[in-house]
Structure formats: structure tokens, C-alpha cells
Amino acid sequence: MRTVLLVAAEPFELKYVPRETSKFRFLNVTGGAGPRLAAAALDKLSTSFDVVVSTGMCGALDPSLRVGDVFVAVSVNGVTCRLPSPQTPYRSGTLVSLDRIVGTVAERKQLAD
């Protein structure tokens, strides 16, 4: 059985994730928004895992994304990601991750560009 580490900003983003399936055991870690806080949460782990998945809410910069859409990042903040082979339809593209909420329309447009 493979162990999947699921990293999210907030606990509610992991609410419906099962603890285990016939193929996978899931470890859930939350630590706040952005890469800095995700890294800090990972540093506290003392267990091993096979795969890391960053999950949660996103899409504020792309008006074509809808609630429930699956988005698979090809890069995060300029770092290339290894793409999985999802069994369900998904969208892909560049992901921007920040340590804060983007507060203005102008800043969202700048990040989207």
C-alpha cells in the first residue's frame, strides 16, 4: 500500500478525503496558505510517504475554473511539476501560490498575466 501525503492550507480542504483505500493510505497535513507554511508543516513530519499531493482551493485568477474542477499544475511558482495520470477529466496550467490572500482586482490581474 502506498502512502500519499496530502498537503492543504486549511483542514476543511481535506474534510472528504478518506483515510485509506485498497491501494492508498492518506496522511493529511495542514499549515496555512502558501509555500512557506506548507514547507514548515512538512518539516514537522516524522513519518515517510511515497507521494506528495498539494490540494485545496484555487482558481481565483482564472474565471473559467468552476467549483469542483480538478486542476493539475504543470508548474508552481516557476518550478516544474511531475504530472500524475488522473483518471478523471482535469485542467492544467501554471499555478501561483502565495503566503497571503490576494486582495485587489489589479493584483489578481497582474498575477494572472
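I'd like to verify a number: residues in region 43-58 that are open to solvent by 60 Å² or more (accessible area, probe 1.4 Å) and either part of a helix (DSSP H, G or I) or within 18 Å of Val76 (Cβ to Cβ) (or both), how many?
5
Of all residues in region 95-107, which are part of a loop (DSSP other than H, G, I, E, B) and without any contact (Cβ under 8 Å) to a residue 60 or more places away in the chain? Let's see the steps before the verdict.
Kept after step one, since they are part of a loop (DSSP other than H, G, I, E, B), are these residues of region 95-107: 96-104.
Correct list: Val96, Val102, Gly103, Thr104.
Are any residues in region 16-40 in a loop (DSSP other than H, G, I, E, B) and more than 14 Å from the chain's Cα centre (by Cα), and if so, which ones?
At the first step, the residues of region 16-40 found to be in a loop (DSSP other than H, G, I, E, B) are 16-19, 21-23, 31-34.
Of everything in region 16-40, those that are in a loop (DSSP other than H, G, I, E, B) and more than 14 Å from the chain's Cα centre (by Cα) turn out to be Tyr16, Pro18, Arg19, Thr21, Ser22, Lys23.
Hey, can you tell me all the residues within region 71-94 that are assigned to a loop (DSSP other than H, G, I, E, B) and open to solvent by less than 60 Å² (accessible area, probe 1.4 Å)? Outline the logic, then answer.
Quick first cut of region 71-94, residues assigned to a loop (DSSP other than H, G, I, E, B) only: 77-78, 81-90.
Answer for region 71-94, where residues must be assigned to a loop (DSSP other than H, G, I, E, B) and open to solvent by less than 60 Å² (accessible area, probe 1.4 Å): Cys81, Pro86.
Right, Ala33: touching a residue at least 60 places away in the same chain (Cβ under 8 Å) and of a type outside the set (Val, Ile, Thr) or not?
Working: touching a residue at least 60 places away in the same chain (Cβ under 8 Å): yes; of a type outside the set (Val, Ile, Thr): yes.
In short, yes.
Could you grab me the full set of residues in region 1-15 that are open to solvent by 80 Å² or more (accessible area, probe 1.4 Å), part of a helix (DSSP H, G or I) and farther than 17 Å from Asp99 by Cα?
Phe12
The values are calculated or read from the model by the stated rules, or taken from the named source; none is laboratory data. All of these numbers come straight from a predicted model, not from anything done at the bench. Cβ sites come from the backbone with ideal geometry, for glycine too, and all protein chains shown count toward neighbours. Side chains included, ligands, DNA and RNA excluded: accessible areas come from the protein's heavy atoms. Shrake-Rupley method; radii C 1.70, N 1.55, O 1.52, S 1.80 Å.
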